[in-house]
Each structure stands twice: as structure tokens, then as C-alpha cells.
Amino acid sequence: MRNAIDRRLLSAWLVLCALTLLYLVIDHSTADAGETRRALITVAAVVVSLAKVRIIMREFMDVRHAARWLRGLTDGVVALVAVALIGSYAAGAAWG
Amino acid sequence: MSTTFDPPAEAAAAAPVDWDRASRDNVPGQPDIWLFVLFETLVFAGYFGFYLYNRPRHPGAYLAAQQELHLPLGIVETLTLLTSSLLIARSVEAARSQQWNTALRNAYATASCGVLFLTLKVIEWISEARAGNTPISNEFFSYYYFLTGLHLLHLLIGFAFLGVLVHRLRGPAARSREVIETCGVYWHTVDYLWVLIFALLYVVR
Amino acid sequence: MSSAQIAVERIELPADSPARRPLAKLAWHWRNNPKRELWLAWYAIVAFYQMFFIVFFLITRAQPPGKPWWNSTQVVQWFDQMHNGLLWGFAVIFLLGGMSAFSTALIAYSMRRMSVSPAFAYSYLIMYSLAAVPGMLLLCVALTAGALRPDRDPELIHAIFDLAFVSFVGTMGVFLIGSVIWMVAILLDKNRVFPKWFAYLNLCNALTEVVIAPACIFKRGVFSWNGQISWWLDMVVFGIYTGAFIGQLRTMILREDVGTGPLPDAAPRPAADAAVPAGAAA
Amino acid sequence: MRRRDGELLLYWALPAVLGVWLSAFLLFPGFTRPMSPAMSADAVAGFYRDHVWRIRASMIVFNWFSVGLIPVLMLIVLQIRRMGHRTPILAYCMIGCAAAGPTLFLTADLFWMIAAFRPERDAGITQLLNDLGWITFTCGVPFLIAQSVFLALAIYLDRLERPVFQPWVAHFNLVVAAALVPAAFAGLALDGAVAWNGLLSFWLKNAAIAVWIAVMWLVLGRAMRQERAAEAPAV
């Protein structure tokens, strides 16, 4: 029982670390990158980081076993943050 | 709403059913802390929103300033906090199965990771300031110091939660599953807020 | 001492009482309601925050604040436009600003009702009483002085303007530590006076005092004293916090048994039942 | 039983503090013939140049004794605690006012002191400091008004068989509070009764404060005597 939980926590941690290292792959020399490419990188970074947030909530914070209202609420907050961040970036790009 | 309140410590220690995994379809920690972390997450989303809104208005200036950051250092900081999160999750798990020594060891390891992150952050600030990047240099660095500083404040508050955690794990009379889980929930919040800040400051274009 | 010697009456107005008209009802509560001091303070808080909002946002329009990037000429224009509003509005504050003591006193009392040391209540009481001077009245004095003589040297008017708003946003420490004191008291409390989420909301409010700190440095942008982060976002959090604490104080008064033990849940029972053991313990 | 050693000492210290206040009041030339807000900047600067030593000396004395009323306010707080209330809320309100009120007076004192520190300064700046001092001093009544109202409420809500203060003390406090009201509006006029040298904002306000201190000192003494008499057999 204990080992199973430990293994699950460890694999969650490995996935999180792998997702972090993914950022190294994302092109770093974007000084001359076009607007579309920049927007793509931004959206990708936001989505990847929110995926990580959700993994932390589900696995580390144990929302996976929690009551339904908490599962719904955390997912709702993650979705709301996603909409807010991508929306602000799009708004800034469109009207700024 | 009696579940909202911290049960008396003696009652928690006297009632083994409190540690039963079968009652897990509930809420980890106080429901109150969840309202706090989710509310705080939304407030942070507000800060992020203003940053992302203003950023594409001067893409060149932001990009040039962003080049001054050390992505590898940011990645090491992120890995440090992710590891601390793993350790505190293990600490809470160990406490649930009443392995107090394992729980304590993991709690101390969590605090060490926290101190390491703090040290790295201060080193990063000093090196940025030495390079001439101060809070008033440009908009990007205003946001950089604001977000990292506010996050570091949350980390310092997290040490207070870790102190409560260690206190609760050490004394048999003080052990309360709810409070132990609450400390874990707060620490993970510090972790995932950093995950977001890292992506926004170091990676976003 | 003396309060414990008085028998606790029922709070409910007897159904067969002739005193059902509003004024007679008020008089009945003034004479008989055992929680009259608490309710008096609570209604004064509601009145104070409404007065504060009306004066600062509608009459003087000192909130949202003037722009920190204005030059002297623009500041003088702002004073010219606001002239009468500033003088009349702040006169109202000079008249009624002392009501803020009711808020501080009721919150300090809530901490006395908890199972924590009285030091918490007294610390909060002194911090927030003191904070009223630099945090609110200095702004009123400075803007009154600015509006008093429109023909003053524009550079001096500009300095008064800065004095007003920097003193208003720059007095963060007292509010920050005060909120933390209240938070710690609620977390340690075993008398269940407030729910724990409200303690954490105090922390959110304390953190906004940190967020407003850059306003002492930045003259433009989101971190300036009228910025989207330092002013607008903080104001949203402060609004939520104020609404929550006024509501929580009301719930506390409804549950209050004027005793010393754990606060009972808000059940529709008369206060007399709950207060008897507490009175005996005292 | 509450410890009462030293209360009489604090009580009888008030006449001495009042004596110091009165002498400082008479020493400050801006009070004996209250300075008009209509004075030009040059006239204000000239006033500070002409009277620099009297202003400095009086402000230093005010600075020393500005908080001198607080011990007596605390004795009143202790009498409120003795009243037949259920909660200490009104006593806390009084403590809050006692903390904030003298701070305002001290601030006014500092503005005048800065103005007198370099009387050769640009006349506009001296006038500004003088304005800030007078506005803080005159309009700084919110906690004095609130203090009287809180005391009146406390007395009305006193449910003791033998009240600590007689009801007339409450009525008196409300009258004093009403007398302080015009001073709050001193910013609205540069001359006339409401201006800070006017009949209402200066003379009525300061007379009301003086009468309040005198009357409250006397009724406080009576309440303290009654308290001691009531507790005497227990000692």
C-alpha cells in the first residue's frame, strides 16, 4: 500500500520535472521570431504550466480523492486562470 | 459547519478513526485553506493578467529585458520547489499511516529545499541588480521583482506553516491530521504559484 | 464584573408587546436588548463605511486617486475642479471620522471573546486607532490645505498632493500587522468565534498592503498609487474583505452569549439559556 | 479587586498639566490673538520672524505636554469599565480616541515648530506649514467629538442601580460634542465665525474643551470617591 502511493507520487514528480525541462527545448533565440510564433510559444507555456498546476493539485494535494465539490472547484479555477491569462495576452496583442 | 473548525488536539490523538484512509472521500486539510489558496490563486491570476496584457504592447522591450534572465537557473529553482512538494506530500502520506519519524524527516527535507530556493532566489536578485536590472529599470523587471518578491513572501509564510507541521508531528498530543494536511496544501500552493510565475517570466514570449 | 451580576434577559421582543412600531421597537431594544452595545457598534460600522465611500468616492472624488504623473499645472487644475467637494467632504470626515473607533473596538472585543491572550485585542486596538491619523486624516488635512488657497505656488500644491496620497498609501505597516494579529488570534482561538477561512482572508488583506508598497516608488504604470494592480486589484480584495468582516461580525453578534466559553452556533434559542453556565463560571 | 495605587496621583496631576497648557497657550502669540487665515504669505512669514522665540518655546512646551490628558482619559476608561455594561466595547472606543486624538494635536504642533525653525524660509512655504498646523489643530476634532459621544452612550447604557456618572453628565457631553461641530468646517471659510480664528471654530471650540476638562475632572473625582467608599469594607 505505502509503496504504491510512494511510486505514484514519484512518477508525478518525474512528469513534472520532464515538463519543466521541456521549456529548454522551446526555442530561446526568438529575438527575430514573428508574432504568431511568439503567441504560440506563450500559449504553449501557459498551457504546460497549468497542466503542471493541475498535476500538483490532483496528485500532491490529493484532490484526486477529495470530495466532488473540491475537484470541480480546483478544475474550475485552473480553467478560469487559463481563460484569464490567454485572454489578457490576446487582448493586449489585439488592442495594445 | 463544525467541520470548519480545528478539532481539539486531544480528541484528534484519541480518535484513531481520524487517521483512517477509508474516510478519504472528503477534503484534504481544512476546507478553509482551500478557499484561501484558490482565492489567492485568482488574485495572482489578476497580476498575471495585467502582465500578459501589457507585454504584447511593447514586445521588443520585454523580450530584450527577458534575455537578461538565466533560464537554467530558473529551471533549477523550479526543480527545487517541485522536489520540496514531493517531499511534503510524502511527509503527509507518512503521517497518515502514522510513521511519524518518516514524516518528520520529509518535513525537514522540505524545509531544506525551501531554504535552497530562497538562497538561489537571493543570488539571482543580486546578480540581476549587479547587471543593472533593478525594479525601476523597465516594465519587465518591475514585474519580475514584484512577482518573484511576492512569491518569496508566500514562501516565507510557508516556513511558518512548516513550523506548525513539525510541531504537530513531534508531539503526540498535538497531532491533527487536518492541520498536517492544511500545511501540505499551503506548501503545494507556493509550489504551483512558482510554476506559473516561472513560465510567465522566463518562457513566455 | 458588574456585567455578570445582571440577569440576562431574552433578546426577542415579546410577540404580544404593544411596541411593534419602528421607533417604539428601537426604544425597546435600547432598554432591553442584552446585545445593545454590540449592535450599536455594528450599525455604526456599516454607517461609517457607507459614509467613507460616499465622501471619498462621490463627494471629494479623492478615490480613485489623482494621477501620480501629473505636473504641477494639472494638479492645480484638479484642485480647482474638486475645490468645493474636497472642502465639504473632508469636513464631514472631520466631523464623523471618530466613528472608526467603533469598528476597532468591536473587532478588539471579538478577540477578547476568543481563547487567546488579551494582548491581541489591545495590540489591534492601538494599531488601528493610531493608523486613523496617518492613514486617513493626514490626507484630509493635506487636501483641505491644498483646496484652501487655489492661488498658492503650484509647486507647493504639487507637494501637498504628494503628501496626501503618499501618506494614504504609505501607511501599510499598521494595517498589515493589524490584519496578521487578527488572523493569528482567529487561528489560535478555540471558542470558534470566527471560521478559519476568515483568518486566511485576513492574510489576503495583509498581502495587499505589500502589493501597494511599490506605489511609494512608481510614478506611472500598474504599480503606481492609482495603478491597475496597486489600486484597482487591491480595492477589489479590500472590498471583499470589508464585506466579509462586516458579515462575520454580524454572525458573531447573533451567536454571542455574553459568556466566556465556546461561542454557540446561531440557533434560534434565547440568549438566556446559553448565558447561564457562562455566568456561573465567571 | 482592581489595584488602585497611584490613581489619585494621576488625578491630581491634571491641574499641573493644565497650568502648563495655559501658560503655553498664552505664550503662543498665534492663540492670544488667533491668526487669521486671510493673512498674506508675507504677513505670516513676518509673524514667524517677529515672534520666533515665543513660538518655539510654546511649541516645545506643547510638545512635552500634548499627551498630558491621556492619564485622566484612562481614569475615565476605568470608570466606564465599572459601569453596568455587558461588553468592554465603549471602554475600547474611549481608548481608541485617547490614542488618536492627541496624535493630531502633536502633528499640528510639529507643523508650527517646523515653520518657526527657519523663519527666513520662502514665505509661501511658511504659509503652507502654518496652514497645515492650523487645519490639523482646528479640524482635528473627530476624536474629541467621538469621545464625548462614546462617553454619553456609555452613561446612557449604564444599568447599575447607582450609576457611575449621573445622566446629566451624558447630556453635558452631547452639548460639548455639538459645540465642537463647527470647527470641523473650518476649511470652508477664510473669515467669519467658522474660519479657524472665528467665534465658533476657535473660541467656542476651545472653551468647550476647557469646560469639558474641568467638569469631567470634577465628576471623575466624585465617581472615584464613590468607588473607594463602596469598596472600603472589602479591604
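Tell me yes or no: at least one residue of the stretch D:81-88 is farther than 30 Å from residue D:227 by Cβ, touching a residue at least 24 places away in the same chain (Cβ under 8 Å) and surrounded by 16 or more Cβ atoms within 10 Å (Cβ to Cβ).
Residues of the stretch D:81-88 that are farther than 30 Å from residue D:227 by Cβ, as a first pass: none.
Looking through the stretch D:81-88, none of the residues is farther than 30 Å from residue D:227 by Cβ, touching a residue at least 24 places away in the same chain (Cβ under 8 Å) and surrounded by 16 or more Cβ atoms within 10 Å (Cβ to Cβ).
Any residue at all in the stretch C:69-78 that's of a type in the set (Gly, Ala, Ser) and buried (at least 24 other Cβ atoms within 10 Å of the Cβ)?
No: zero hits.
Every residue, every condition in (1) at pLDDT below 95; (2) surrounded by fewer than 21 Cβ atoms within 10 Å (Cβ to Cβ); (3) among the basic types (Lys, Arg), yes or no:
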{"residue": "C:67", "(1), (2), (3)": "yes, yes, yes"}
{"residue": "C:98", "(1), (2), (3)": "yes, no, no"}
{"residue": "C:106", "(1), (2), (3)": "no, no, no"}
{"residue": "C:137", "(1), (2), (3)": "yes, no, no"}
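Which residue is surrounded by the most Cβ atoms within 10 Å (Cβ to Cβ), if the candidates are limited to the stretch B:59-72 and must be more than 8 Å from chain A (Cβ to nearest Cβ) and assigned to a loop (DSSP other than H, G, I, E, B)?
B:69
Inside the stretch C:108-127, can you point out the residues that are touching a Gly at 6+ places or on another chain (Cβ under 7 Å) and farther than 14 Å from residue D:89 by Cβ?
Selection gives C:127 alone.
Please identify the pairs in which a residue from the stretch D:44-67 that is in contact (Cβ under 8 Å) with a residue 40 or more places away in the chain has its Cβ atom under 7 Å from the Cβ atom of a residue that is of a type in the set (Phe, Trp, Tyr), counting only partners at least 6 apart or on another chain.
Correct list of pairs: D:55/D:28; D:55/D:48; D:55/D:112; D:59/D:112; D:65/D:21; D:66/D:105.
Kindly provide the set of residues from the stretch A:1-28 that are over 23 Å from residue B:66 (Cα atoms), facing another protein chain (nearest Cβ under 10 Å) and modelled with pLDDT under 90, ordered by number.
Listed by number, the residues that qualify are A:1, A:2, A:5, A:6.
Output the number of residues of the stretch A:65-96 satisfying the condition of being hydrophobic (A, V, I, L, M, F, W, C), assigned to a helix (DSSP H, G or I) and surrounded by 13 or more Cβ atoms within 10 Å (Cβ to Cβ). Spell out the reasoning first.
The initial filter retains those residues of the stretch A:65-96 that are hydrophobic (A, V, I, L, M, F, W, C), namely A:66-67, A:69-70, A:73, A:77-86, A:90-91, A:93-95.
Pick out the ones that are also assigned to a helix (DSSP H, G or I) and you get A:69-70, A:73, A:77-86, A:90-91, A:93-95.
Subsequent filtering for residues that are surrounded by 13 or more Cβ atoms within 10 Å (Cβ to Cβ) retains A:70, A:73, A:77-78, A:80-82, A:84-86, A:90-91, A:93.
Qualifying residue count, the stretch A:65-96: 13.
Taking residue D:145 and the conditions (1) buried (at least 17 other Cβ atoms within 10 Å of the Cβ); (2) under 18 Å from the mean Cα position of the chain (by Cα); (3) more than 30 Å from residue C:32 (Cα to Cα), which numbered condition does it fall short on, given that it satisfies the others?
Looking at each condition in turn, residue D:145 falls short on (3).
Taking the options C:17, C:117, name whichever one is surrounded by fewer than 21 Cβ atoms within 10 Å (Cβ to Cβ) and at pLDDT 95 or above. Show your work before the answer.
On the way: C:17 fails: at pLDDT 95 or above.
Result: C:117 is the single residue among C:17, C:117 that is surrounded by fewer than 21 Cβ atoms within 10 Å (Cβ to Cβ) and at pLDDT 95 or above.
Out of the stretch C:97-135, which residues are within 7 Å of chain D (Cβ to nearest Cβ) and among the hydrophobic types (A, V, I, L, M, F, W, C)?
Result: C:99, C:101, C:102, C:105, C:106, C:108, C:125, C:126, C:130, C:132, C:133.
Go through the stretch C:155-213 and give me each residue that's under 20 Å from the mean Cα position of the chain (by Cα), over 18 Å from residue B:33 (Cβ atoms) and assigned to a loop (DSSP other than H, G, I, E, B).
Within the stretch C:155-213, C:170, C:171, C:193, C:212 qualify.
Residue C:152 fails exactly one of the following numbered conditions: (1) away from chain B (no Cβ under 14 Å); (2) more than 18 Å from the chain's Cα centre (by Cα); (3) crowded, with 19+ Cβ neighbours inside 10 Å; (4) in a helix (DSSP H, G or I). What is the number of that condition?
All conditions pass for residue C:152, except number (4).
Would you mind stating whether residue B:96 is loosely packed, with under 14 Cβ neighbours inside 10 Å and facing chain A (nearest Cβ under 10 Å)?
Numbers: loosely packed, with under 14 Cβ neighbours inside 10 Å: no; facing chain A (nearest Cβ under 10 Å): yes.
Criteria not met by residue B:96.
I'd like to verify a number: residues in the stretch B:73-91 that are within 8 Å of chain A (Cβ to nearest Cβ) and farther than 23 Å from residue A:54 by Cα, how many?
Number of matching residues: 0.
Could you check the stretch A:48-79 and list, in sequence order, the residues that are under 14 Å from residue A:9 (Cβ atoms) and more than 8 Å from chain B (Cβ to nearest Cβ)?
Within the stretch A:48-79, A:55, A:58, A:64 qualify.
Can you tell me which residue in the stretch B:38-58 is surrounded by the fewest Cβ atoms within 10 Å (Cβ to Cβ), limited to those that are in contact (Cβ under 8 Å) with a residue 12 or more places away in the chain and within 9 Å of chain A (Cβ to nearest Cβ)?
Looking only at the stretch B:38-58, we keep the residues that are in contact (Cβ under 8 Å) with a residue 12 or more places away in the chain, and these are B:40-41, B:44, B:47-48, B:51-52, B:54-55, B:58.
Pick out the ones that are also within 9 Å of chain A (Cβ to nearest Cβ) and you get B:41, B:44, B:48, B:51-52, B:54-55, B:58.
Values: B:41: 20, B:44: 20, B:48: 25, B:51: 27, B:52: 24, B:54: 20, B:55: 26, B:58: 16.
Among them, the one singled out is B:58.
For residue B:131, all conditions in the list (1) more than 14 Å from chain A (Cβ to nearest Cβ); (2) within 30 Å of residue C:216 (Cβ to Cβ); (3) under 12 Å from the mean Cα position of the chain (by Cα) hold save one; what is the number of the exception?
(3)
Please return the ranges of helices (runs of 4 or more DSSP H) entirely within the stretch D:30-142 where 2 or more residues are of a type in the set (Val, Ile, Thr) and more than 12 Å from chain C (Cβ to nearest Cβ). Show your work before the answer.
Working: elements: D:41-50, D:52-65, D:70-82, D:89-117, D:123-139.
By residue number, D:52-65, D:70-82.
For residue D:203, indicate whether it is under 17 Å from the mean Cα position of the chain (by Cα) and more than 8 Å from every other protein chain (Cβ to nearest Cβ).
yes
Just give me the residues in the stretch D:32-69 being β-branched (Val, Ile, Thr) and surrounded by 17 or more Cβ atoms within 10 Å (Cβ to Cβ), in sequence order. Don't jump to the end; show me each part of the working.
Filtering the stretch D:32-69 for residues β-branched (Val, Ile, Thr) gives D:32, D:44, D:52, D:55, D:60-61, D:67.
Matches in the stretch D:32-69: D:44, D:55, D:61, D:67.
It is to be established whether one or more residues within the stretch D:183-199 are over 20 Å from the mean Cα position of the chain (by Cα), in contact (Cβ under 8 Å) with a residue 40 or more places away in the chain and part of a helix (DSSP H, G or I).
No, the stretch D:183-199 contains no residue that is over 20 Å from the mean Cα position of the chain (by Cα), in contact (Cβ under 8 Å) with a residue 40 or more places away in the chain and part of a helix (DSSP H, G or I).
Among (1) surrounded by fewer than 23 Cβ atoms within 10 Å (Cβ to Cβ); (2) over 21 Å from residue C:68 (Cβ atoms); (3) within 17 Å of the chain's Cα centre (by Cα); (4) facing chain B (nearest Cβ under 10 Å), there is one condition residue C:236 misses while meeting the rest; what is its number?
(2)
Looking at residue D:3 and the list (1) among the charged types (D, E, K, R); (2) without any contact (Cβ under 8 Å) to a residue 60 or more places away in the chain; (3) assigned to a helix (DSSP H, G or I), which single condition is not satisfied?
It is condition (3) that residue D:3 fails.
The values are calculated or read from the model by the stated rules, or taken from the named source; none is laboratory data. Model, not experiment: these values are computed from the prediction. Here the Cβ is made from the backbone with ideal geometry for all residues, glycine too, and neighbour counts use every protein chain on show.
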